[in-house]
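Data block below; observations after.
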Amino acid sequence: MGGRMVPFGGWDMPLHYGSQLDEHHYVRRDAGMFDVSHMAVIDLSGENCRVMLQQLLANDVARLKVPGKALYSCMLNEAGGVIDDLIVYLRDGGAYRLVVNAGTAEKDLAWIQPLADTYDVTLTHRSDLAMIAAQGPNARQKCLPLLPASQQQAAEALKLFYADDGEWFIAYTGYTGEPGFEIMLPQEQAVALWQALNEAGIKPCGLGARDTLRLEAGMNLYGQDMDESVSPLEAGLNWTIAWQPESRDFIGRQALESQRERGGLRRFVGIMLTGRGILRSHQKIYMGEELVGETTSGGFAPTLQESVALARVDGNIGECCEVEIRGKRVAAKVVKPPFARNGQRCIK
């Protein structure tokens, strides 16, 4: 379809299909689709799955009460750093499905396998599956007729962060701040679905639009906004940590508790430029002459028509700051992300 291909996480991926800006607006205003088959799908089965995952993940899979329910979590090292962020789904029979990032998949599998062996849990990397994300206010409606007939009614009724686990695995999840489906299906069926979605008016979109959409939605990108040197407490992901029950000793818990007790944690905030320029990652942030932080992700936000960034800053930062862009300090304001979701601007 004319995608401009670039290397990404060991894969060749489309940066865009002609216009990154148009693709961004398709998703905010109508419907766009992404080939996200580079994401790794990992299935876990065995009697001890739940207990294993309660040790592996900072969030608690005990919150998943019914098959199909999804949970977002970080997987931490002993120092409390983020090995990866992922989505875990409960499946029938006490099995689970993880969806992890492409660039960390090999590392994730190597981290999980010894724990799976300890708990006698079977780990299966589902490289036989493709994954297509259809996102936007009209994406679900346009998708429904193209889904297996046996799943259309259930898919239409799905609530956010639930999945229907049938012929295909159809999840109401996404990485854009818009409603839609993430569809996992046998790879040999993926091209036909992609073409059918395109014919239904769901436009193909690339990595560029995916990044501006997730940035506007205030969603972290692994490797930029957090990594193994950053804890979820300093990545705006406090809400993904299940502290109760206190008896659940997940990997990294002791380090996180020490960080909380020690205090002085950095904050994860949004930055909006009020002067002229474009925000990027790794730009220094100042209050007066004091260096108070650094941007982690940044760019032009097409929905807002402004330049925005996510940033890690000192806890005492005020409402205004300056960002160093090409050797000059430019005025900016500190805000709480997200910047835009569900087609609407979130920042006044």
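A few remarks follow.
- Among the candidates G103, G166, G206, residue that is at pLDDT below 95 and not polar (S, T, N, Q): G103
- Some residue of the range 146-163 being touching a residue at least 60 places away in the same chain (Cβ under 8 Å), outside any loop (DSSP other than H, G, I, E, B) and out of contact with any Asp or Glu (no Cβ under 7 Å at 6 or more places or on another chain): yes
- Scope the range 90-128; condition in a strand (DSSP E or B), closer than 20 Å to G10 by Cα and under 19 Å from the mean Cα position of the chain (by Cα); matching residues: L98, V99, V100
- The one condition in (1) under 18 Å from L98 (Cβ atoms); (2) in contact with an Asp or Glu (Cβ under 8 Å, 6 or more places away or on another chain) that R140 fails to fulfil: (1)
- Strands (runs of 3 or more DSSP E) completely within the range 277-348 that count 1 or more residues being surrounded by fewer than 19 Cβ atoms within 10 Å (Cβ to Cβ) and among the acidic types (D, E): 290-301, 306-313, 320-325
- Condition met for G94 (modelled with pLDDT under 95 and farther than 16 Å from I251 by Cα): no
- Of all the listed residues (F169, F161), the sole one being aromatic (F, W, Y), surrounded by 20 or more Cβ atoms within 10 Å (Cβ to Cβ) and under 24 Å from C205 (Cα atoms) is F169.
- Test: residue in the range 180-196 that is assigned to a loop (DSSP other than H, G, I, E, B) and either buried (at least 19 other Cβ atoms within 10 Å of the Cβ) or at pLDDT 95 or above (or both): no
- Filter result for E228 (modelled with pLDDT of 95 or more, over 27 Å from A62 (Cβ atoms) and among the acidic types (D, E)): no
- Some residue of the range 65-79 being within 23 Å of Q187 (Cβ to Cβ), surrounded by fewer than 20 Cβ atoms within 10 Å (Cβ to Cβ) and not hydrophobic (A, V, I, L, M, F, W, C): no
The values are calculated or read from the model by the stated rules, or taken from the named source; none is laboratory data. What you see is a predicted model, and the numbers here were worked out from it, not measured in a lab. So basically every Cβ, Gly included, is an ideal-geometry build from the backbone, and we count neighbours across all protein chains shown.
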